[in-house]
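Trainee: Just passing along the structure, written as structure tokens.
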Amino acid sequence: MVITIDGAGGTGKSSSAKLLAQKLGYLHLNSGTLYRWITYNALQQHLNLHDSDVLLSLAKKLDYQNIDQNMVQSPEVSDNVAQVAKIPSIRELVLEIQRQYAQDKDIVVEGRDIGTVVFPDAEYKFYFTASLDIRAKRRYEQLKKNGLEVDYAQIRQSIADRDKQDMEREHSPLRKADDAIEIPTDMITVEEGVDIILAEMQLLG
Ligand code: DC
């Protein structure tokens, strides 16, 4: 069974996806991490992020089982990942990685295009939303907790820029699937988000 959670950065979908998977005993896949891992490695190797051939050949060689979870959350990766995620050949490769990983598994997959493109036939689909200010505040706290030096105004701007790129790109933009249930998260905790999902799943049967 596949459960999808899509939404912009900072809407709380990662924390809720993780907790939901834990509660159900399902696997959890954060697809943003895959795009971030490619971006991190490309930056490390000083590659041209606009050269799709070079990026694709890098992406094909990477080990996705051992992603450095700390490095991929760096502000430098955050500022460049939307450019990489925009490239159609990279998206196709990541789509295949996700489908292979999820095959025949009980899994919660989160991202931007999971309910629309990657798993359009998923049994349950959710779409998280939150205001820009709340999302920037959450990202700020999260980065600070991870020991990174951060500036709130810069984070807010970076999220707004990324939203624009993710929503306006031609290939599988961030969008709510028609059959996804929208969950606004401004006023709720991670646990409450999960409770809403579990209640909806029971209602949907
Ligand atoms: O969820 P995140 O902030 O870690 O995602 C990082 C970037 O990856 C985001 O700017 C857009 C891209 N992404 C995507 O295009 N499609 C996905 N399914 C997941 C993430």
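Trainee: Which residue fluctuates most in the GNM of the chain (Cα springs below 10 Å): K23, K86, K13?
Mentor: Its mean-square fluctuation being the largest, the pick is K23.
Trainee: Most exposed first by the Cβ proxy, i.e. fewest other Cβ within 10 Å, how do K60, K18 rank?
Mentor: The most exposed by this proxy come first: K60, K18.
Trainee: Under a Cβ-only charge scheme (Lys and Arg +1, Asp and Glu -1), can you give me the dipole magnitude of the chain about the Cα centre, in debye to the nearest 20?
Mentor: So the magnitude is around 360 debye.
Trainee: Still on this structure, please answer the following. Which order do M201, M1 fall in if you start with the one that has the fewest other Cβ atoms within 10 Å?
Mentor: Listed from fewest to most nearby Cβ atoms, that is M1, M201.
Trainee: In the structure displayed, which of K60/K164; K60/K105; K61/K144; K23/K60; K125/K164 lie more than 30 Å apart, Cα to Cα? Write down the numbers at each step before the final one.
Mentor: Values: K60/K164 27 Å; K60/K105 23 Å; K61/K144 32 Å; K23/K60 33 Å; K125/K164 23 Å.
Beyond 30 Å: K61/K144; K23/K60.
Trainee: Projected area of the chain, taken from the Cα convex hull and averaged over every viewing direction, in nm²?
Mentor: 10.9
Trainee: Quick check on region 48-142: take the gyration tensor over C-alpha atoms, sort the square-rooted eigenvalues as a ≥ b ≥ c, and tell me if it's rounded (a/c under 1.5), prolate or oblate.
Mentor: Working: a/c = 1.62, a/b = 1.03, b/c = 1.58.
Judged from the Cα gyration tensor, region 48-142 comes out oblate (a/c at least 1.5, b/c at or above a/b).
Trainee: Which three extents, in whole angstrom, do the alpha-carbon atoms of region 8-99 cover along their principal axes, largest first?
Mentor: Computed over region 8-99, the largest-to-smallest principal extents equal 41, 27, 22 Å.
Trainee: Just need the relative contact order of the chain here, percent rounded to a whole number, with Cα pairs under 8 Å and 6+ apart.
Mentor: Relative contact order, the chain: 36 percent.
Trainee: Among L132, L19, L93, determine the one that fluctuates most according to a GNM of the chain built with springs between C-alpha atoms less than 10 Å apart.
Mentor: Looking only at L132, L19, L93, the largest GNM fluctuation is found for L93.
Trainee: Under 5 Å between amide H atoms, partner at least 5 residues away or on a different chain: which partners does L29 have, H built in plane at 1.01 Å?
Mentor: V108, V109, E110
Trainee: Which value in deg cm²/dmol, rounded to the nearest 500, describes the helix-derived mean residue ellipticity at 222 nm for the chain, given -39,500 (n - 2.57) per DSSP H run of n ≥ 4 and division by the residue count?
Mentor: Here the helix-only value at 222 nm equals -17000 deg cm²/dmol.
Rule-based calculations on the coordinates, nothing more; no lab input. From a predicted model like this one, the values you see are computed outputs, not experimental measurements. Please note: Cβ atoms are built from the backbone with ideal geometry, for glycine as well, and neighbour counts cover all protein chains shown.
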